[in-house]
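Student: Quick one: this structure, given as structure tokens, is what I'll be asking you about.
Values quoted throughout were computed directly from the atomic coordinates according to the rules given, and no laboratory measurement underlies them. Just so it is clear, the model here is predicted, and its values are computed rather than measured. Reconstructed Cβ throughout: ideal geometry from the backbone, glycine too, with neighbour counts over all protein chains shown.
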Amino acid sequence: MRMNHLAALSAGSILLTGCGADVAGDDDKAAAERTTVKRCGEPVPYTVPKRAVAYEGGSADKLFSLGLTEHVHGYVMPPANPPVSESPWAAEYKKVKKLSDDLLNKEVVVEAKSDLVVAGWNSGFSDQRGITPAILDKLKIQSFMHTESCYNYPGHPERHAPFEGLYTDLERLGKIFRVEGRADKVVGDMKQRVAKVAAKAPKGDPVPVFLYDSGTDKPFTAGSQVPPNDIIKTAGGKNIFGDLDQRWTEVGWEAVTKGRPEVIIILDYGDQPAKKKIEFLKKSPHTRGLPAVRNDRFFVLDYNEGISGPRNIDGLEKFAAYLDRVSRPGATG
């Protein structure tokens, strides 16, 4: 009787050990399917997404530039974004769904059965609109934030210069989707293009540049935490509001006048054409006497060249060529 009992215990132990091995194997497999990547300053485990949703052109372009179209379910594109037909990845946009032409919201994401949402903090994700990484975590929906927008992310801030933020995003997305080699190549090509522009930038005092986003009572412009600041600086200019530790921010016309910009960059929205903004600046008593306005030195920057995304480098090369041309003696816009 006792021997039979011991035999039963031994057999049970073998069964339990075998079962434990299976559980451990499942855990190991699940762990192997996840990779930890920072979301701003917070390490987050990711599985490879199959139904990603991108907010705005910058997010979608990052995914398309890495060859991830088959992992993208769709995109949300607000009216400010110019038509996707103008994108270098227009063919890729046609392969996925346009989910909304409004601001990002939780309902669209849930209805799409998304397993990853790519957007910026306070430019997509929003406490006020009820769609944040923390809320999506509770819904078991992964999220990824543009590093450029992380400098004031509550609880997990992270600070990078805008171009470095772009490179970091592509490298992190490469890890999440397991295409690190592809990401390295894309980033390497971008860095070479930026270095080439920087090497040819005009020497001497940098040209004062004002970016005009929008606004009549008070102008909206670019601080140090958005791509146009790096575009201006790398090309050999000086953002007259580059000392503001902000992303897109409101300033006063008096400060614009004091900065005496010699070039004005116009951010061209889909719903706010650059032509009308230039007409306003030429008529406004605040700006019609500025050197840039008198000399008709306006450079139009496409919306998707100004927000974080691969087209930042296109915008840099175009602006550098423009700045080189108008910097020559006697040149006008």
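Student: Report, in deg cm²/dmol and to the nearest 500, the calculated mean residue ellipticity at 222 nm for the chain, where each DSSP H run with n ≥ 4 adds -39500 (n - 2.57) and the sum is divided by the residue count.
Tutor: Numbers: 13 runs with 143 residues, N = 333.
Dividing the helical sum by the residues of the chain leaves -13000 deg cm²/dmol.
Student: Next question, about the same structure. For a label point 7 Å from the Cα of Arg260 along Cα→C-beta, name the residues of segment 282-297 whose backbone N is under 20 Å from it.
Tutor: Flagged as within label range: 282, 285-297.
Student: Separate question: Please report, in debye to the nearest 20, how large the charge dipole of segment 202-326 is about its Cα centre when each Lys and Arg carries +1 at its beta carbon and each Asp and Glu carries -1 there.
Tutor: 460 debye
Student: In the structure displayed, which of Lys233/Lys258; Lys185/Lys233; Lys113/Lys185; Lys94/Lys218; Lys191/Lys218 lie more than 27 Å apart, Cα to Cα? Write out the running numbers ahead of the final one.
Tutor: On the way: Lys233/Lys258 19 Å; Lys185/Lys233 24 Å; Lys113/Lys185 31 Å; Lys94/Lys218 38 Å; Lys191/Lys218 36 Å.
From the list (Lys233/Lys258; Lys185/Lys233; Lys113/Lys185; Lys94/Lys218; Lys191/Lys218), the Cα-Cα distance tops 27 Å for Lys113/Lys185; Lys94/Lys218; Lys191/Lys218.
Student: State the Cα centre-to-centre distance between segment 272-310 and segment 227-262 in whole Å.
Tutor: Value for the Cα centre distance between the two parts: 13 Å.
Student: Here's another thing I want to ask about it. Starting from the 7 Å offset along Cα-to-Cβ, what nm value, one decimal, do you get for the label separation of Arg288 and Ala321?
Tutor: Roughly 3.4 nm, to one decimal.
Student: Can you list the lysines whose alpha carbon is less than 16 Å from that of Lys275, not counting same-chain residues fewer than 8 positions off?
Tutor: Result set, ordered by chain and number: Lys283.
Student: Going by how many other beta carbons lie within 10 Å of each one, how would you line up Ile176, Ile141, Ile265, fewest first?
Tutor: Ile141, Ile176, Ile265
Student: Can you tell me which aspartates and glutamates have their Cα less than 18 Å from the Cα of Lys203? Leave out same-chain residues fewer than eight positions away.
Tutor: Output for Lys203: Asp230, Glu262, Glu317, Asp324.
Student: How would His156, His73 line up from fewest to most surrounding beta-carbon atoms within 10 angstrom?
Tutor: His156, His73
Student: Out of Gly124, Gly188, Gly236, any idea which swings most in a Gaussian network model of the chain, alpha carbons joined below 10 Å?
Tutor: Fluctuation is largest for Gly188.
Student: While we're here: Hey, of (1) 65, 41, 37; (2) 59, 44, 44; (3) 107, 40, 38, which did the structure itself give for Cα extents along the principal axes in Å when calculated?
Tutor: Among (1) 65, 41, 37; (2) 59, 44, 44; (3) 107, 40, 38, the one derived from this structure is (3).
Student: Of the options Ala112, Val263, Pro273, report the single residue whose Cα projects farthest towards the positive end of the charge dipole of the chain (beta-carbon charges: Lys, Arg +1; Asp, Glu -1).
Tutor: Val263
Student: On to the next question. Ranking Met145, Met190 by Cβ neighbours within 10 Å, fewest first, what do you get?
Tutor: The fewest-first ordering by Cβ neighbours comes to Met190, Met145.
Student: Obtain the nm distance between the two label points defined at Thr216 and Asp137 by a simple spin-label model: each point lies 7 Å from its Cα along the Cα-to-C-beta direction.
Tutor: It is 4.4 nm.
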